[in-house]
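The next block holds one structure in the form of structure tokens; read it before the comments.
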Amino acid sequence: MGFDALNVEARADSGAPIRMEKVRPEKMPIEPRFRDAARGPAPIRNAVMIGNFPPRKCGIATFTRDTFSALRDQLPKAHWSLVAMDDRKADYDFPPEVTHTISQDDPAAYVAIADQLNQSGAEVAFVQHEFGIFGGEAGAHLLLLLRRLKMPVIVTLHTVLEKPNASQKRVMDEIIERASAIIVMSETGADILARVHNAGPSKVFVIPHGAPERPFASPEAFKPALGLAGHKVFMTFGLLSPNKGLETVVRAMPDIIARHPDAIYLVVGATHPHLIANEGEKYRDSLVALAESLGVAANLRFVNRFVGDDELVNLLQAADLYVTPYLTEAQITSGTLSYAIALGKPVISTPYWHAREALADGVGALVPFGDSNGFAREITSLLSDQIRREQLARRAYRYGEPSRWRKVAGSAIELAQSCRTDYRIRQDKAFRTLSRPSLDALRRITDDCGVIQHSAYSVPDRRHGYCTDDNARLLSLMARTPSLTPAPGPATAPHDTAARLTYTAAAFVAHAWNPDNGRFRNFMGFNRQWLDDGGSDDCCARAFEALCLTARHSDRPDLRDWAATLAARVFVHAAEWSSIRSRALVIKALAAPGGPIPEDKANALVRINALKLMDCLAEGRKGGHDWFEICMSYDNARLPEALILAGKHLNDAAILNAGIDTLDFVMRKQTSKNGWFCPVPTSTFAVTDATRASFDQQPIEALATVDACLAAYEATNDPRRSRQAREAFMWFGGQNDHGLALASPVDGGCFDALVANGVNQNQGAESILSYQLAAAAIRERLRQLPSPD
């Protein structure tokens, strides 16, 4: 906890005013703890801090402010977003540093802020966590924010529960899982997280509570200015509440005063605002009544008004001793204790967790809970022995060195830099892992006839039979999957699977060709009877593209020859296909070099189809919608891709620029307000405004976008296009509106859609093949793609 909320009002029973003097802290260099010694980390340029903030009066607010100030001092050139939690219990006039607020109990506010922070370019987020400052059961609303943030998150825990209830444990488990690092302020906190949440040292870091930095000084130098000259002073500060156990020390005062009549017990801090709201100053009044009944009221002084940081530190430096008589052990960190030790105060405390740890090096004494006699004995002993008291004070000052704010900020920054590097490495690893799927799911949905169209969950649904569209996609995929020929030695399962899939798809496509009408049949029942004489233009063009890919890239000469022969026969009819997507697919089939079609003929049809697409675009622009059709539809990015490929192949800047412009158009439609890739959903196919709905989002749109962005990258070398390709591909891996993965590289499967309430659990052939084809496209270019910023 922090101490901006020491709302204090100076009141000395002697009536003497309490005056303050400023002492400037000295500046010292940062001691690195997490630095990458090999090359040193790049400075953080953009960061976020989330927590309570003044004028809200609580320890977390002050800690957030002090942490923010220390980090900003260490990173003077960084841009900061500061998010303050708002409990709506007061009309807070937040300072200009606060850039955003979150209404504590409004789930939508957490989502909205996450989206804004994602768009801000922030590299790391620091979150201050305490049970009670976030809405939802056990603060579960915070998870809404953590799930959406696209940056490493470092969470500082101000409370660690040894016996959380089920909700608290569930929320904390997910916080730990989603955070890049967890900061606790004591080894005891780290031990509890390991035992209760199985969070080990790779995730949990101990960085002490921050404290002010002042030169070591004798209390006598500060007492006159505070009206305390001639007194021995023992002090407690912080928000007053019954759990602080101050009555334990008040009961000890008669014995202390008997030996040291000049002793003053100085209690600094306002009563906790929640306690004030419920029962006013009942607790403080009870302490005054107890002191009066014991005849020591003249030796008890309260400072019960708001004081600033320098004033507070002056009060601490005027104290000879510091006491924390808390009543229970379950306090994982005490900011008041950290402040006192950092300023060189000998401490007498009950053995709560933080005190046991902090006083283990001989900077004070521990007294059993509620033991007034023990406090009287230890306080009297230290007040009577100036030499020992000064020795303990100097030892405490040295012990408090790691908790100086400059040290704490330096450690936090180096941890953040390490987390930023690790986050990028993990992101890149996830990207590369996703790009190397197994073929198991394809093997599951393919029998000896071909790819089965649909599945119920992951079980192939034979009622719907087969289609040439999917088998052509499978043939295209296998043409882009290297090493069908096994290495010398025993045949391996992956090679066997790839070969079987390839020849099965090739056989299906060959059987689908109907020379009588120059078209590919599309639909076949499970009984292996064709259900049509010729499929759509799109089906025919997709099969032709698969043949051209196989003729170019298959590592089996027999397959290349077969594909080239059939592609030549099909090409005779390709000019008849007039749908705009079939024209796009034909361009894609012919624009690459080294194909089975003579170059002059291929180039002529590429130009014809590109000009037809340009005509469609011109008509659309006349209608005011900057698109090839009146509305967005199926496989949308395939159209800009075709113009980009054609423009590059034909060296035609107008066609290329039209492709880039329409890609920009479709990317605007496919980027949600939070910055995620969001494919144009099927629910908008019949309307002109593609922003009306967010679902259903289907894998084929992600595939088309990956292909189009990669084509744009190759044509322009613009790294923005590679980032767009990555983002579209990572949609499969969970970087989407729900944060849910659709694809699994373990078996190569993919769900059919992202829907309003999650994912469509079915895994049809089109979805699996869309993921597999997108992965193949990424694999082909992994070495050429620049890493994301």
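Determine which lysines satisfy two conditions relative to LYS89: a Cα distance under 24 Å, and not lying fewer than 8 residues away in the same chain. Leaving aside lysines fewer than 8 places away in the same chain, those within reach of LYS89 are LYS57, LYS282. Let's test the formula: R0 of 56 Å, r as the Cβ-Cβ distance of LYS622 and ALA217. What FRET efficiency results, to the nearest 0.05? Efficiency at R0 = 56 Å is approximately 0.10.
Model label sites at GLU174 and ASN198, defined 7 Å from Cα along the beta-carbon direction, differ in position by 1.8 nm.
Residue separation of VAL746 and GLU780 scaled by 0.36 nm, minus their Cα-Cα distance, works out to 10.3 nm of gained length. Each Cα pair under 8 Å and six or more residues apart adds its sequence gap; the mean of these over the residue count of the range 496-630 is a relative contact order of 17 percent. Measuring between their Cα centroids, the range 711-742 and the range 167-189 lie 31 Å from each other.
State the Cα centre-to-centre distance between the range 110-156 and the range 596-637 in whole Å. After rounding, the separation between the Cα centres reads 44 Å. So if R0 is 56 Å, what FRET efficiency would ALA289 and ARG436 give, r being the distance between their Cβ atoms, rounded to the nearest 0.05? Plugging the Cβ-Cβ distance into 1/(1 + (r/R0)^6) gives 0.15. Averaged over its residues, the range 586-726 has an accessible area of 40 Å² per residue, based on protein heavy atoms and a 1.4 Å probe. Taking 0.36 nm per residue of sequence separation and removing the Cα-Cα distance, the GLU281/THR328 pair yields an extension gain of 14.7 nm.
Between TYR457 and ASP533, what's the calculated FRET efficiency when r is the beta-carbon distance and R0 is 35 Å? Round to 0.05. For R0 = 35 Å, the calculated efficiency reads 0.55.
Share of carbon and sulfur in the accessible area of the chain stands at 51%, probe radius 1.4 Å. Calculated mean residue ellipticity at 222 nm for the chain: -14500 deg cm²/dmol, from DSSP H runs with n ≥ 4 weighted as -39500 (n - 2.57), summed, divided by the residue count and rounded to 500.
Multiplying the residue separation of CYS449 and ALA756 by 0.36 nm and removing their Cα-Cα distance gives an extension gain of 107.0 nm. Using bins of 10 Å that start at zero, the share of Cα-Cα pairs per bin across the chain amounts to 2, 12, 19, 18, 13, 10, 9, 8, 5, 3, 1, 0, in whole %. Charges were assigned to the Cβ only: +1 to each Lys and Arg, -1 to each Asp and Glu. The resulting dipole of the chain about its Cα centre is roughly 1340 debye. Within the full protein context, the accessible area of SER69 is estimated at about 50 Å² for a probe radius of 1.4 Å. If you look at the Cα atoms of the range 312-371, you get an Rg and a Dmax of 10.8, 29 Å.
Solvent-accessible surface of the range 375-489, taken per residue with a 1.4 Å probe and all protein chains present: 44 Å². If the label point is 7 Å along Cα→Cβ of PHE131, which residues in the range 47-62 have backbone nitrogen under 20 Å from it? Only 51-52, 58-61 fall inside the zone, counting backbone N under 20 Å. Within a straight-line Cα-Cα reach of under 25 Å, LYS588 can be paired with the following lysines, leaving aside sequence neighbours fewer than 8 residues apart in one chain: LYS601, LYS612, LYS648, LYS669. Looking at the chain alone, DSSP beta bridges between its own residues are antiparallel in about 30 percent of cases.
The values are calculated or read from the model by the stated rules, or taken from the named source; none is laboratory data. No experiment lies behind these values; they were computed from the predicted model shown. Methodologically, a virtual Cβ is constructed for each residue, glycine included, from the backbone with ideal geometry; neighbour enumeration extends over all protein chains shown. Areas reflect the complete protein model, heavy atoms only, side chains present, ligands, DNA and RNA absent. Shrake-Rupley method; radii C 1.70, N 1.55, O 1.52, S 1.80 Å.
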